[in-house]
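Here is the structure we will look at, set down as structure tokens.
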Amino acid sequence: LEALSMEIPVLASNVPGCNDLVIDEFNGLLFEPKNFEDLFHKISKFSDLSDSKIINMGINGRKFVVDKYDLDKLFKHYESVLQ
């Protein structure tokens, strides 16, 4: 969440929590848990991406976090649940 908010694309394991934040090839890359070959493949894939693709992934990550985790939206949601 912190990396995405700073426009840094993320490589993450495809497990609950991580895959709620990282959308594969949109704001980062997901690899299969405990699969070192897939991790290696995703690291290689990321290193081959163009600078513009990496920058776009970062921008997408920031937008995703701002849209989904905006504090005002969260407070309003909690307030509606508590009423």
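Table for the structure above
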| read-out | value |
| --- | --- |
| Qualifying residue in region 26-46 (condition: modelled with pLDDT under 95 and within 8 Å of the chain's Cα centre (by Cα)) | no |
| Residues (free of Cβ contacts under 8 Å to residues at least 12 places away in the same chain, among the polar types (S, T, N, Q) and part of a helix (DSSP H, G or I)) located in region 51-83 | Ser52, Asn56, Ser80 |
| Looking only at region 1-50, and only at residues there that are aliphatic (A, V, I, L, M) and part of a helix (DSSP H, G or I), the one that is surrounded by the most Cβ atoms within 10 Å (Cβ to Cβ) | Leu4 |
| Single residue of region 51-73 satisfying the filter (open to solvent by less than 50 Å² (accessible area, probe 1.4 Å) and either in contact with a helix residue (DSSP H, G or I) (Cβ under 7 Å, 6 or more places away or on another chain) or at pLDDT below 95 (or both)) that is farthest from Asn27 (Cα to Cα) | Val65 |
| In region 74-83, the residues that are surrounded by 10 or more Cβ atoms within 10 Å (Cβ to Cβ) and hydrophobic (A, V, I, L, M, F, W, C) | Leu74, Phe75 |
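The values are calculated or read from the model by the stated rules, or taken from the named source; none is laboratory data. None of the values given here were measured: they were computed from a predicted structure. With ideal geometry, Cβ positions are generated from the backbone for all residues, glycine too; neighbour counts draw on all protein chains shown. Heavy atoms of the whole protein, side chains included, go into the accessibility calculation; ligands, DNA and RNA do not. Shrake-Rupley method; radii C 1.70, N 1.55, O 1.52, S 1.80 Å.
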